[in-house]
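Below is one structure, written out as C-alpha cells, with a few remarks after it.
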Amino acid sequence: MPRPLPLLLALIALATACAEPTAPPSKGLFIESGGVPERPYYHDFGVILDGTSPAHTYRFRNSEPNPVTINDILASCSCVVPSVRVVSKAGVVTPGKLRNEGAVCVIPPGDALEVEIFIDTTRIRRKNTDRLSTIRLRTSSAITPFHTLEMHVKVQQLIQATPWEIELGEVATNDVGKGQTVVIVSVADTGITL
C-alpha cells in the first residue's frame, strides 16, 4: 500500500511550482532620491550666507495601483518654502497648488512627485546657529499616509546687531525714545573690521 505522505508532499510541491507568480508588494508613495542613501528624507544645506536662497529637490514615485493625492504640505516655519510638481512617465510636468485650493496634486500610478524646498534666509531670525526644519506631506495612501522631510542649515551672518530689534514702547510725538544695540562681528577670521 503506498504511503500517503510522500504523495501529498509531491502534490503540494507540484502545485507550488505551477502557481502564478505574485506581484511584489507596493511600497506606496516612496522616495527615490533626495538625501543620502542611509537617510533619504534628510538634506544638509550646510553653512550658507545670509541673503542666499538655496534649494533642494526630493523625488518620490507612486508604486500603488491607484492615484495618490497629496492632501497638504505643512512647513515647520516660514523660512522653508516648498513647491511641488508631478512628472508623468512621458515627462509632462504639472505644477501643484499650495494655496488652500483643495488637494495639492494627484500622482497617477508610476508617475513621480518632485518636492523642491527653498530656504529663505531672510526669514531665519537666529543666525549663526544650527537649524533643523521640516516639511510634512499628508497623502491619501493607505501604505504611506505621511512623509516628513528634514533640512539642516546654518545661516552665517558676518555682522550682527545684538539685540537685533529694539523695543522703544510708546513714544509721544516730539519725544525721544532710547535704546541700545551693539554691533558685533559674528564670525571670526572673516577679515571684517568696524
Problem - Thr144, sole failed condition from (1) more than 16 Å from His43 (Cβ to Cβ); (2) under 16 Å from the mean Cα position of the chain (by Cα); (3) assigned to a strand (DSSP E or B) - result: (3)
Exercise for the section: Being out of contact with any Asp or Glu (no Cβ under 7 Å at 6 or more places or on another chain) and surrounded by 14 or more Cβ atoms within 10 Å (Cβ to Cβ) is the filter here, so list the residues in segment 122-142 that pass it. Expected result: Ile124, Asn128, Arg131, Ser133, Ile135, Leu137, Thr139, Ser140
Handout entry: Residues that are in a strand (DSSP E or B) and open to solvent by less than 70 Å² (accessible area, probe 1.4 Å), drawn from segment 94-109
Key = Cys105, Ile107
Exercise for the section: Check off (1) modelled with pLDDT of 80 or more; (2) more than 30 Å from Ser33 (Cα to Cα); (3) of a type in the set (A, V, I, L, M, F, W, C) for Val176 and give me the number that stays unchecked. Expected result: (1)
Practice task
Report yes if Phe118 is over 30 Å from Gln157 (Cβ atoms), at pLDDT 90 or above and aromatic (Phe, Trp, Tyr), otherwise no.
Solution key: no
Practice task
Check Ile119 against each of (1) farther than 19 Å from Pro95 by Cβ; (2) open to solvent by 20 Å² or more (accessible area, probe 1.4 Å); (3) in contact (Cβ under 8 Å) with a residue 40 or more places away in the chain and name the one condition it does not meet.
Solution key: (2)
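The values are calculated or read from the model by the stated rules, or taken from the named source; none is laboratory data. Since the structure is predicted, the reported quantities are computational estimates derived from the model, not experimental observations. Positions of Cβ are generated from backbone atoms using ideal geometry, with glycine treated the same way; all protein chains shown enter the neighbour counts. SASA here: full protein model, heavy atoms, side chains in, ligands and nucleic acids out. Shrake-Rupley method; radii C 1.70, N 1.55, O 1.52, S 1.80 Å.
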